[in-house]
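Inspection log for the structure reproduced underneath, given as C-alpha cells.
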Amino acid sequence: MVTQPPVNLKDWLVWDNHGCLPLRPFDTDFLPQLARYRQAGVDVAIVNIGFGDHGIEDHIRMIANFRHWLKQHPESYVLIATVDDIERARREGKLAIAFNMEGANGVADQPSLISLYYDLGVRWMLMAYNRANRVGSGCHEEEDRGLTAFGRIVLDEMARVGMVACCSHTGHRTTMDVMHYASRPVIFSHSNPRALHDHPRNIRDEAMRACAATKGVVGINGIGIFLGENDNSTETFVRHVDYAVQLIGAEHVGLGLDYVFDAAELDDYLVSMASTFPEGFSYQAGMKMIEPERLSDIVEALVKLGYPEAAIGGILGGNFMRVARDVWRPA
C-alpha cells in the first residue's frame, strides 16, 4: 500500500517530463492508461511520439493518433498549447498533455518541420538518440563528433519557435556543444548522474553543471538499469535526485520517469534494434521501472531527508514549468 505523504500532492504542480505510450498509430487500446497519471497525482505528462530512427511519417502518424484520441476525451485531457492550458487543466481536474521527440530524425533535413511539430504539440526534442544523426552524436557512439553545422541551424529554429532542446541520450561532446551554443535553457528530460551508476546513458557532473548554467533542468528517470543494477527502488531513485540537488541545486532538478506503459513493446525494441541498444549495457527484457503511482513515496522520502516544501515543489514540477515559461511561445 502506498504511504501518503504529510502534504497532499495536490498542493503542488506535478510534472512528469517523459512517458512512453505504445508507438502504434492505429492502436488506441493503451491510451486510456493515461488516466493512471491523473490518478497518481500528475498534472502534466509529456509523452513520446517517436525515437531513434523513426522518420517524419512515423512522427506525424503518432501525433495524429494521439491528438485524435485526446480530442475525443475533452472531459479528461487538455492538449497543451501554452502554459495557461496547464493552469486551466489543474483547475478543471484534467491531465495536461504535450508531446516530445527523442532525436532529431523526425526533422530529417528540413528544419521548417520544427515549427509544424511545435504547432501540433511537441514541446521538447532531444538531439540524438543513442546513435549519430545530422545534428550530432548519441551516447553509444564510439566517436562523438559534436554538434554539427546543421545542428546549430536546428537549435536556432527550436529557439525561434519555442521548442526546448534536450540532451538526454546524447553524447557528451555533442551535449557540451549544445550547452555552450544554446541561447535558451536546455534540459535533460530523463537522465541520471553517471557518478552514481556508470552507464553511457547517464550524464557526467560537468554536463549537469552546464545544464544548470543555461537555467535548465535535469529530469531524473526511473529506469532500473540507469539507477543501478536494474534497481527501481524508491530509495535508489531518491538518491539520484538528492545527488543532483546537492550538485546543481534543487531549482535545476525535476522528474522524467520514462515509464513505458507497454513492457512487451519495449522488450521487442530491445531485441530488434540491436544497434540502438548495444550488448553489454544491460539492455534486456524485464527492465524495471518507477511507476507514476510511486510519486507519493518519492515525496515522502524527500520530506524525510528534510527537503523544504519549496524545493519539493520545484522538483515535482515547478522547475519544468519555469523552463516552459522561459522557452515556449506565450500564445
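Please treat every number below as a calculation from the coordinates, not as lab data. These figures come from a predicted structure and were not determined experimentally. Virtual Cβ from ideal backbone geometry, glycine too; neighbours counted across all protein chains shown.
For segment 30-46, putting each phi into the Karplus relation 6.51 cos²θ - 1.76 cosθ + 1.60 with θ = phi - 60° gives couplings of 7, 4, x, 5, 4, 4, 4, 4, 5, 4, 7, x, 7, 9, 10, 10, 9 Hz, in residue order, rounded to whole numbers and with x for Gly and Pro. Between beta-carbons, use under 13 Å as the cut-off and find the net charge around Glu87, counting Lys and Arg +1, Asp and Glu -1. Net charge in that neighbourhood comes out at +1. Cross-link partners for Lys304 among the lysines, with Cα-Cα distance under 28 Å and sequence neighbours closer than 8 places in the same chain left out: Lys10, Lys215, Lys288. Counting charges near Val135 (Lys, Arg +1; Asp, Glu -1) among other residues having Cβ under 15 Å from its Cβ returns a value of -3. Residue-wise HN-Hα couplings along segment 230-238, as the Karplus relation 6.51 cos²θ - 1.76 cosθ + 1.60 with θ = phi - 60° gives them from phi, are 6, 9, 10, 6, 4, 4, 5, 4, 5 Hz; Gly and Pro carry x. Once the C-beta distance of His73 and Glu143 is scaled by a Förster radius of 45 Å, the resulting FRET efficiency is 0.45 to the nearest 0.05.
Over all alpha-carbon pairs in the chain, figure out the percentage whose distance exceeds 39 Å. Intermediate values should be presented prior to the final figure.
Details: 2265 of 54615 pairs.
Across the chain, Cα pairs with separations above 39 Å total 4 percent.
When the label point is put 7 Å from the Cα of Arg325 along its Cα-to-beta-carbon vector, which residues of segment 87-102 have a backbone N closer than 17 Å? So the set is 87-91.
So for each of 301-312, 209-220, 230-241 I average, over its residues, the number of other beta carbons within 10 Å; can you give me the resulting order with the highest mean first?
209-220, 230-241, 301-312
For Arg152 and Ala108, compute 0.36 nm times the residue count separating them, minus their Cα-Cα distance, and round to one decimal in nm.
Numbers: separation 44, 0.36 × 44 = 15.84 nm, distance 1.41 nm.
Here the answer is 14.4 nm.
For segment 89-238, compute Rg over Rh where Rg is the Cα radius of gyration and Rh is the Kirkwood radius from the inverse mean 1/r over Cα pairs. Mind dumping the intermediate values first?
Numbers: Rg = 15.5 Å, Rh = 15.7 Å.
Using only Cα positions, Rg/Rh for segment 89-238 is 0.99.
Label-to-label distance, Arg204 versus Asp53, with points set 7 angstrom from Cα along the beta-carbon direction: 3.0 nm. With helices as the sole contributors, the chain gives -10500 deg cm²/dmol at 222 nm; each DSSP H run of n ≥ 4 counts as -39500 (n - 2.57), and the sum is divided by every residue. Each residue, Glu309 and Leu120, gets one label point 7 Å from its Cα in the Cβ direction; the gap between the two is 4.2 nm.
Taking 0.36 nm per residue of separation and subtracting the current Cα-Cα distance, fully stretching the chain between Ser282 and Thr82 would add 68.1 nm.
Restricting attention to the chain, close to 5% of DSSP beta bridges with both partner residues there are antiparallel. Applying the criteria of a DSSP loop state and at most 14 other Cβ atoms within 10 Å to the chymotrypsin sites (Phe, Trp or Tyr not before Pro) of segment 180-227 yields no site. The mean of 1/r over all distinct Cα pairs in segment 226-331, once inverted, gives the Kirkwood hydrodynamic radius of 15.8 Å.
What's the local net charge at Gly228, with K and R +1, D and E -1, over the other residues with C-beta under 12 Å away?
On the way: positive: Arg239, Lys288; negative: Asp198, Glu229, Asp231, Glu235.
Every neighbour counted, the sum reads -2.
The H on the amide N of Ala81, modeled in the peptide plane, is under 5 Å from the matching H of no residue at least 5 residues off or on a different chain.
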